[in-house]
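Input: a single structure, listed below in structure tokens.
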Amino acid sequence: MKRVFYILFVIFLPLVAIAADQPAERPHWSLELKGGLFYPALSNWKEFYGSGKTDEYDLALAYKFTRRLELGIEGGYSRSGGEGFAPVHGVNAGHVVYNLYPVNVFALYRGLVNEDQWLVPYIGGGFTRMYYQEKVDFQGSTKGHADGYHARAGLQFLLDGLDRSAANSFYLDDGVFHTYFFIEARYTRAMIDTASGSLDLGGKSYLAGLLFEF
């Protein structure tokens, strides 16, 4: 009997060691779909556009170096229309359509302790390039970009526990490990020089969306 246990020990010990050396299966990518409100830093925005805010929509893809640290890229879109002032032109105008296309390269750190953690805080930030396009009736259009930076923070709420069967099927069928609902606050600063002086094309964003880890 001792010989049998010895033989089993010799056979299974290398397998245990190999298994221990292999990393556990984990997600390596994350995809975010989000939208919310953007509050431009430009002065007199509300006076000329009728509101101090506008809609914003973003899509982000990030690579996970670890379960806590990731690096990603994000693209967004925001549009405002109104009667009055063209901020980049620096002139009073008729009807104005102002489009912003922010592109963010970011690093993000998540306060994740275990895979079943239902509330995960995170912080991040990085480089920002704000592409803009401003169309003014009878005066043509202006477009360009401004470089700057951004900082973000938020909370992720794990949704897997709401329906374990659906979460398991999502993983088996599509390779999605976890799904989160999240809320985020982001501050952006991107300066540009114009005829009327320096302008900040950034502002504050308050967003919500879904995160898929795969």
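The values are calculated or read from the model by the stated rules, or taken from the named source; none is laboratory data. These numbers come from a predicted model, not from an experiment. Reconstructed Cβ throughout: ideal geometry from the backbone, glycine too, with neighbour counts over all protein chains shown.
Of all the residues in the stretch 144-185, those that are out of contact with any Leu (no Cβ under 7 Å at 6 or more places or on another chain) and part of a strand (DSSP E or B) number 12. Taken over the stretch 186-214, the criterion of being assigned to a loop (DSSP other than H, G, I, E, B) and of a type in the set (S, T, N, Q) is satisfied by 196 alone. Per the listing 137, 147, the residue uniquely over 30 Å from residue 27 (Cβ atoms), of a type in the set (Asp, Glu) and at pLDDT 95 or above is 147.
If I filter the stretch 16-40 down to residues being charged (D, E, K, R) and either modelled with pLDDT under 95 or touching a Pro at 6+ places or on another chain (Cβ under 9 Å) (or both), which single residue comes out as farthest from residue 172 (Cα to Cα)? Looking at the filtered set, the residue picked out is 21.
Every test in (1) surrounded by 20 or more Cβ atoms within 10 Å (Cβ to Cβ); (2) over 24 Å from residue 68 (Cβ atoms); (3) touching a residue at least 60 places away in the same chain (Cβ under 8 Å) is passed by residue 146 save one, and that test is (3). Select from the stretch 56-71 the residues that are within 8 Å of the chain's Cα centre (by Cα) and without any contact (Cβ under 8 Å) to a residue 60 or more places away in the chain and write down the one among them that is surrounded by the most Cβ atoms within 10 Å (Cβ to Cβ). Among those residues, the one meeting the criterion is 60. The number of residues in the stretch 184-214 being among the small types (Gly, Ala, Ser), crowded, with 17+ Cβ neighbours inside 10 Å and over 20 Å from residue 62 (Cβ atoms) comes to 3. Residue pairs whose Cβ atoms lie under 6 Å apart, sitting 6 or more positions apart in sequence or on different chains, and linking a residue in the stretch 156-167 that is modelled with pLDDT of 90 or more and surrounded by 12 or more Cβ atoms within 10 Å (Cβ to Cβ) to a partner that is assigned to a loop (DSSP other than H, G, I, E, B) and not hydroxyl-bearing (Ser, Thr, Tyr), are 158/118. Considering only the stretch 113-132, state which residues are surrounded by 17 or more Cβ atoms within 10 Å (Cβ to Cβ) and either in contact with a Pro (Cβ under 7 Å, 6 or more places away or on another chain) or assigned to a loop (DSSP other than H, G, I, E, B) (or both). Within the stretch 113-132, 128, 130 meet the criteria. Taking the stretch 114-132 as the range and being more than 22 Å from residue 207 (Cβ to Cβ) and either aromatic (Phe, Trp, Tyr) or in contact (Cβ under 8 Å) with a residue 12 or more places away in the chain (or both) as the test, the residues that pass are 115, 116.
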